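First up is the structure itself, then whatever we jot down about it.
No lab work stands behind these numbers, since they all come straight from the coordinates. Bear in mind that the values here come from a model prediction, so they are computed numbers and not experimental data. Glycine gets a Cβ as well: all are built from the backbone with ideal geometry, and neighbour counts include every protein chain shown.
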Amino acid sequence: MSSGELAQTAQEADSPPAGSVRLDHVTHQYGRGGGAFTAVGPVDLTVPAGEFLVLVGASGCGKSTLLRLIAGFERPTHGSVRVSGAEPRPGTAAGVVFQTPRLFPWRTVRGNIDLALRYAGVDRAQRLERRAELLARVGLEGTEKRRVWEISGGQQQRVAIARALAADNPLLLLDEPFAALDALTRERLQEDVRRVTERSGRTAVFVTHSAEEAVFLGSRIVVLTRSPGTVALDLPITLPRGDVDAEELRGSREFAELRAQVSHAVKVAAAV
Ligand SMILES: Nc1ncnc2c1ncn2[C@@H]1O[C@H](COP(=O)(O)OP(=O)(O)O)[C@@H](O)[C@H]1O
Ligand SMILES: [Mg+2]
């Protein structure tokens, strides 16, 4: 074996697990020269596989920019971004859910999911089974034949989540996906996302400006300073996971204390 091959084998042996994310000294600027604006950084952040990381911060602090860097939609101006050990490629690095669902409104629910399954390379014979499984996972059984414009905003966001899960990608990125929904729908979808990611063992990076949402979802919360966003607080969340009673969890004292702590940190971080 040549030294090159040996190095390659060594690299593979300790290559990071699928779905892990690593940001090293990442800075991102929009524009160039005198008009350049630094939106993010410098940020150092490692997200181990299977973690549910929530990024919280005031509007404009660079949360969406960070998510787009991880998705590979943007390249960092300085530093490096790695997903599963490699430079992220847009469209394949992660399943992405945006604030507005971005579906094909004239297509049926089935049509939207099938398109994602086809794009993910699932062959025709398996598509029906996978589709049924995905729709069940996000609580959309029986809606296959409805057109997207006919269903509610909450149901549309469920279709977007099912679509993001279709590719079986180990990493899921969600950018304030429930911000436009009513409180009840939002809570139900939070419960679904918590359960779905846990059961599938996926890594999630979820952006929100709500301390409440962050504490409910996260196994870890990172609070960002105002723009250019840097890490102000990195907090592991030790609330129980797995099969929990959501209502009990939200009503617990630990939950209230964490929510107050995060809420305070966000305010302080936005002011510095
Ligand atoms: N495409 C862009 N061109 C120039 N500035 C941008 C662009 N996108 C975002 N910004 C700016 O970068 C900063 C961070 O934006 P963003 O990442 O969207 O923040 P957040 O998601 O936390 O609200 C903001 O000041 C915003 O105006
Ligand atoms: Mg944003």
| So how compact is the range 178-236: Cα radius of gyration and Dmax in angstrom? | 12.5, 35
| request: Report, in deg cm²/dmol and to the nearest 500, the calculated mean residue ellipticity at 222 nm for the chain, where each DSSP H run with n ≥ 4 adds -39500 (n - 2.57) and the sum is divided by the residue count. | output: -12500 deg cm²/dmol
| request: Only Lys, Arg, Asp and Glu count, each charged at its Cβ (+1, +1, -1, -1), so figure out the dipole size of the chain about its Cα centre, rounded to 20 debye. | output: 940 debye
| request: Jot down the per residue volume, in cubic angstrom and as a whole number, of the convex hull over the alpha-carbon atoms of the chain. | output: 156 Å³
| said: Whole-Hz ³J(HN,Hα) for each residue in the range 204-212, computed from phi via Karplus 6.51 cos²θ - 1.76 cosθ + 1.60 with θ = phi - 60°, x for glycine and proline: what do you get? | reply: 10, 10, 10, 9, 7, 10, 9, 5, 4
| said: In 10 Å bins starting at zero, report the fraction of Cα pairs in the range 129-197 per bin as a rounded %. | reply: 19, 57, 24, 0
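May I ask you to list the trypsin sites (Lys or Arg not before Pro) in the range 164-272 that are in a DSSP loop and have at most 15 other Cβ atoms within 10 Å of their Cβ?
Answer by residue number: 241.
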| said: Contact order normalised by length for the chain, with contacts defined as Cα pairs under 8 Å and 6 or more residues apart; what percent is it? | reply: 25 percent
| field | Candidates 17, 90, 240: whichever shows maximal mean-square fluctuation once the chain is modelled as a Gaussian network with Cα springs under 10 Å | value | 240
| message | Can you tell me how the range 87-144 classifies by the Cα gyration tensor, rounded, prolate or oblate, using a/c under 1.5 as the rounded cut? | response | oblate
| note | Ranking 60, 80, 103 by how far each Cα lies towards the positive end of the charge dipole of the range 50-128 (+1 on Lys and Arg Cβ, -1 on Asp and Glu Cβ), the top one is 103
